[in-house]
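Heads up, the thing below is written out as structure tokens.
The values are calculated or read from the model by the stated rules, or taken from the named source; none is laboratory data. Just so it is clear, the structure is predicted and the values come from calculations on it, not from any experiment. FYI the Cβ positions are ideal-geometry reconstructions off the backbone, even for glycines, and counts take in every protein chain you see. We work out accessible area using only protein heavy atoms, side chains counted, and drop any ligands, DNA or RNA first. Shrake-Rupley method; radii C 1.70, N 1.55, O 1.52, S 1.80 Å.
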Amino acid sequence: MAAWLRRSTSAPVYDPAFGDTALAEGREDMLLGRWEGARDLLARTPDDWDRRAHRIRLLADAAAGRRTVDLWQASEPRNPDAAVLRAETEVMRLFAAARAGRTPDAERLERAAGLCHRAAELAPADPHPWVSLLTLGRLHPNGHPEMSAWWNEILTRDPYHREGHHQALRYLSARWHGSYGTALNFAWDVASSAPYGSPLPILAQVARAEHYRHRVRTEGKAVLGLTHHWSEARALGDLRNALDKWVAHRVPRAQDVADLNYLAHGLVKAAMADRAGVVFRLLDNRATEVPWSYTGDPEQLFVRWRDKTASPSAQSSASA
């Protein structure tokens with residue numbers, strides 16, 4: 001049986017670690033109250049900022065509901081990795097509180113910022129403490145006056161830091177402290193200067209998906225003005241740019257699964273399914289709920305378009 005037919009009968013794989021088995025084990029350790037695995041994992045990637053960002057965020061997500069990372073930092077107060085992970089974990093705890101309706105007060109925000117600055121002191125080359133601060137800035141009622149300084153600290157350490165750019169985009173969105181136009185202009189500026197092979201050209205599609213979710217949530221599914229949201233001329237150009245500048249020159253990165261899902265979703269919503277086949281083949285059945293959940297049942301949509309673009313005729317069109 002042809003490989004594409006075998007694939008079409010299988011359920012999508014949802015793996016938040018995106019195939020990083022060491023990370024999956026470290027997350028499990030965190031949930032069980034063991035921090036040694038996280039310590040060893042982060043020590044093995046001292047300056048791989050892309051992979052470290054993915055690992056830190058996933059470990060912090062697991063640690064947010066436990067005291068594991070707090071115990072690690074208490075045991076090794078001068079360990080830079082413990083400080084960086086503790087700071088990111090505290091930021092995630094504040095976001096979890098905000099989602100539950102418990103808006104963090106100024107004291108908690110300041111305490112979290114202090115943890116981020118302490119992490120930056122212990123890990124001066126690492127951009128992630130500044131990413132954590134950038135993320136934290138969204139929770140300040142009117143934004144934070146130090147955002148520009150924090151952003152420059154990230155760029156100084158890694159000018160094309162994937163996670164930093166995604167957090168900046170969210171800060172600039174209409175949902176937080178900017179507007180759809182501001183977020184798109186940021187995404188376009190980044191895409192124009194990003195090197196070939198960088199995943200940053202996908203930012204424009206992320207901006208579109210997040211704005212669509214925001215408007216549907218605030219105005220309802222019948223909201224006017226979204227008829228051509230996915231397929232207006234600039235959207236089509238942004239999708240082609242992501243294919244030509246990123247995918248055609250792609251070097252695998254830690255969070256490619258998330259970015260490729262945004263690209264696949266954008267292509268099929270823009271009626272460019274003939275170009276989506278190559279993206280689904282790169283995904284190899286690895287799905288994420290976001291952004292598919294913004295426009296319907298995520299698994300049904302992923303499977304539908306995965307199978308539709310897996311046919312030999314679709315593959316020929318996509319590679320033409």
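Quick look at the numbers
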| item | result |
| --- | --- |
| Net dipole in debye of the chain [+1 Lys, Arg Cβ; -1 Asp, Glu Cβ; about Cα centre; nearest 20] | 820 debye |
| Selection from Leu239, Trp72, Leu109, by position along the positive dipole direction of the chain (Cβ) | Leu239 |
| Loop-located trypsin sites (Lys or Arg not before Pro) in the range 39-143 whose Cβ has at most 12 other Cβ within 10 Å (DSSP) | Arg44, Arg67, Arg78, Arg102 |
| Theoretical FRET efficiency, 1/(1+(r/R0)^6), r = Cβ-Cβ of Ala233 and Ala97, R0 35 Å, to 0.05 | 0.25 |
| Two-site FRET efficiency, Ala43 against Val251, from Cβ-Cβ distance with R₀ of 35 Å, rounded to 0.05 | 0.90 |
| Percent of C-alpha pairs per 10 Å bin, the range 82-159, short to long | 21, 53, 23, 2 |
| Filtered chymotrypsin sites (Phe, Trp or Tyr not before Pro), the range 133-222: DSSP coil and at most 15 other beta carbons within 10 Å | Tyr196 |
| Probe 1.4 Å - accessible area at Ser192, Å² to nearest ten | 90 Å² |
| Which label in (1) 49, 24, 18; (2) 33, 23, 18; (3) 36, 22, 17 gives the computed semi-axes √(5λ) of the Cα gyration tensor in Å | (2) |
| Percent carbon-and-sulfur accessible area, the chain, ignoring ligands, DNA and RNA, probe 1.4 Å | 51 percent |
| Dipole of the range 87-166 [Lys/Arg +1, Asp/Glu -1 at C-beta], most positive-end residue of Leu139, His161, His128 | Leu139 |
| Computed label-point distance, nm, for sites Val216 and Glu36 using a 7 Å Cα→Cβ extension | 4.6 nm |
| Accessible area per residue, Å², the range 1-138 with all protein chains present, probe 1.4 Å | 46 Å² |
| Sequence-distant residues sharing a close amide H with Gly143 (under 5 Å, placed H) | none |
| Estimated 222 nm signal from helices in the chain, with DSSP H stretches of n ≥ 4 weighted -39500 (n - 2.57), rounded to 500 | -19500 deg cm²/dmol |
| In the range 162-232, the trypsin sites (Lys or Arg not before Pro) that fall in loop regions by DSSP, at most 15 other Cβ within 10 Å | Lys221 |
| Accessible surface ranking that places the most exposed of Lys269, Lys245 first, with a 1.4 angstrom probe | Lys269, Lys245 |
| Where labels lie 7 Å past Cα in the beta-carbon direction, separation of Val13 and Arg66 in nm | 2.4 nm |
